[in-house]
Amino acid sequence: MNGEMDWSLFFRKELEPVQAYRPGLREEQIRQIAKADTIYKLSSNESPLPPFPSALKAMREALSTLNEYPDGSSHHLTQLLSWHYQIPSEQIIVGNGSNELIDLIAQTCLEPGDNVVYGWPSFVVYRSSAQIAGADCREVALAADGSFDLDALLAAIDQRTKIVTVCTPNNPTGAVVSAAALEDFLKKVPSHVLVVLDAAYEEFVDDEQAAAPLAYFDGQRPYVVLRTFSKIYALAGLRCGYGFAPSILVEMLHKIREPFNVNALAQIAARACLEDDEELDRRRALNTAGKRNLCACFERLGLKYYPSEANFVWVEVPDAAATFDALLSKGIITRPFPEANGLRVGIGDTAGVTATITAFETLFPTQ
Ligand SMILES: Cc1ncc(COP(=O)(O)O)c(C=O)c1O
């Protein structure tokens, strides 16, 4: 071969706008910066607690079987989900995180020239999955309360729209759409558009007016609900999510997924979690209490925040980058959104919430 290689010959041009996911700082990098002994990682909407004890026990017992491939159909987990939610197993798909399911849906449905409609800011994978498939992204501003503006989403839909995604509670604002608004929206979405409802934070919701996404699932209309074991179930490192979809779409997703997409420990741990309602309730109560305390602190300090229904709170500060650095030096890692002067602050365990409140009170003293 002579001369410089022209690598662009090899690469799909649709990939040009795609940006690699930028991970947060690693623990050792943080330890170099932070002056605190204890680090609170509140930047990735993870659980501050370890996996459920029942899940840890089940995984320990399964370690010696890891010489075998996992069950490629996630059979037992799918059956349990079917029983748990009273939805036929043919309408359920398990994925390597719900992230994989978002990608699979995009790969299944989108062609270059199609477009995808979703609110913004929201989960970055809505954008990357569409871009990778060569589709256009229509990013619609959020409503004033930080939730998806469903009327604005409807207005952005046209003949080439294949998917409209609704995230409730929304990441990064924690705001939800109401049941009445979602019901009305679903009636108005044209039938050529697949509605994907991402309910990754559903288990944290306290608001009784909030939409319960599964209430509208009938396995017939083009409506998908996605959930995950990464958040309240504290299994982010294992990668396990699931979705409810019409069986014809589930069959398509099975065609293109990897044969062994969900690892064996993830399947076993997820089953243990689903059978442990007591631990689920305990964790929900802990999150609710932490969220109340943190929001009360922002209220006292006069900082604007969105009342959150998730395991994080969006707060506005005069200088997000500087506040991020100041919190980091105290061992508290948050996620800054400098373009919006916002920080997404995860709800830690009791000690984490107390440390966060103390840090904010120091940084923003009241007169
Ligand atoms: C809104 C939303 N959806 C989906 C995911 C993906 O979750 P996972 O792939 O871990 O199931 C996340 C992760 O942060 C998220 O915030």
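Here's a check for you: in the range 103-133, which residue that is touching an Asp or Glu at 6+ places or on another chain (Cβ under 7 Å) and in a strand (DSSP E or B) is farthest from the ligand (Cβ to nearest atom)?
Of everything passing the filter in the range 103-133, N115 is farthest from the ligand (Cβ to nearest atom).
I39 - would you say it is farther than 30 Å from L343 by Cα and surrounded by 13 or more Cβ atoms within 10 Å (Cβ to Cβ)?
no
Tally up the residues in the range 321-363 that are farther than 23 Å from F123 by Cα, touching a Gly at 6+ places or on another chain (Cβ under 8 Å) and surrounded by fewer than 24 Cβ atoms within 10 Å (Cβ to Cβ), please.
Here the count works out to 4.
Out of the residues in the range 150-208 that are acidic (D, E) and part of a helix (DSSP H, G or I), state the one that is surrounded by the most Cβ atoms within 10 Å (Cβ to Cβ).
By that ranking, first place goes to E202.
Can you tell me which residue among S129, S147 is polar (S, T, N, Q), within 19 Å of A20 (Cα to Cα) and in contact (Cβ under 8 Å) with a residue 24 or more places away in the chain? Even if it seems obvious, please write down each step before you answer.
Values: S147 fails: within 19 Å of A20 (Cα to Cα).
Answer to the selection: S129.
Conditions tested, residue by residue: (1) surrounded by fewer than 22 Cβ atoms within 10 Å (Cβ to Cβ); (2) closer than 27 Å to K35 by Cβ.
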residue	(1), (2)
C240	no, no
P246	yes, no
K255	yes, no
L274	yes, no
A285	yes, no
R300	yes, yes
S308	no, no
D319	yes, yes
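I need the full set of residues from the range 233-256 which are among the charged types (D, E, K, R) and either more than 16 Å from the ligand (Cβ to nearest atom) or within 25 Å of E183 (Cβ to Cβ) (or both), in order please.
E251, K255 - these are the residues of the range 233-256 that are among the charged types (D, E, K, R) and either more than 16 Å from the ligand (Cβ to nearest atom) or within 25 Å of E183 (Cβ to Cβ) (or both).
What number goes with the only condition from (1) assigned by TED's automatic domain parsing to the domain that holds T168; (2) among the β-branched types (V, I, T); (3) in contact (Cβ under 8 Å) with a residue 12 or more places away in the chain; (4) out of contact with any Pro (no Cβ under 8 Å at 6 or more places or on another chain) that V262 does not pass?
(4)
Could you list, in sequence order, the residues of the range 136-149 that are part of a loop (DSSP other than H, G, I, E, B) and out of contact with any Ser or Thr (no Cβ under 9 Å at 6 or more places or on another chain)?
Passing the criteria: A143, A144, D149.
Determine if the range 44-63 includes at least one residue that is touching a Pro at 6+ places or on another chain (Cβ under 8 Å), of a type in the set (S, T, N, Q) and either within 16 Å of the ligand (Cβ to nearest atom) or more than 24 Å from F123 (Cβ to Cβ) (or both).
no
Restricting attention to the range 214-232, report how many residues are more than 10 Å from the ligand (Cβ to nearest atom), in contact with a helix residue (DSSP H, G or I) (Cβ under 7 Å, 6 or more places away or on another chain) and either in a helix (DSSP H, G or I) or more than 21 Å from E183 (Cβ to Cβ) (or both).
Total meeting the criteria: 3.
Just the residues that are in contact with a strand residue (DSSP E or B) (Cβ under 9 Å, 6 or more places away or on another chain), more than 15 Å from the ligand (Cβ to nearest atom) and part of a helix (DSSP H, G or I), please, taken from the range 80-95.
S82, Y85, Q91 - these are the residues of the range 80-95 that are in contact with a strand residue (DSSP E or B) (Cβ under 9 Å, 6 or more places away or on another chain), more than 15 Å from the ligand (Cβ to nearest atom) and part of a helix (DSSP H, G or I).
In the range 165-178, what residues are of a type in the set (A, V, I, L, M, F, W, C) and in contact with a Phe, Trp or Tyr (Cβ under 7 Å, 6 or more places away or on another chain)?
V166, C167, A175, V177
Mind listing just one residue for me: the one in the range 196-213 that is within 11 Å of the ligand (Cβ to nearest atom) and among the hydrophobic types (A, V, I, L, M, F, W, C) and, of those, farthest from the chain's Cα centre (by Cα)?
V196
Condition first: outside any loop (DSSP other than H, G, I, E, B) and in contact (Cβ under 8 Å) with a residue 40 or more places away in the chain. Now tell me which residues in the range 235-250 satisfy that.
G241, Y242, G243, F244, S247, L249, V250 - these are the residues of the range 235-250 that are outside any loop (DSSP other than H, G, I, E, B) and in contact (Cβ under 8 Å) with a residue 40 or more places away in the chain.
Considering each residue of the range 153-175, count those that are away from the ligand (no atom under 16 Å from the Cβ), closer than 24 Å to A215 by Cα and either free of Cβ contacts under 8 Å to residues at least 24 places away in the same chain or among the hydroxyl-bearing types (S, T, Y) (or both), and give that number.
Qualifying residue count, the range 153-175: 0.
Residues of the range 30-43 being touching a residue at least 12 places away in the same chain (Cβ under 8 Å), more than 16 Å from the ligand (Cβ to nearest atom) and outside any loop (DSSP other than H, G, I, E, B), which ones?
Selection gives I30, I33, Y40.
The values are calculated or read from the model by the stated rules, or taken from the named source; none is laboratory data. Owing to the predicted nature of the structure, the values given are computational and were not obtained by experimental measurement. Neighbour counts are summed over all protein chains in view; Cβ atoms, including those assigned to glycine, are modelled from backbone coordinates with ideal geometry.
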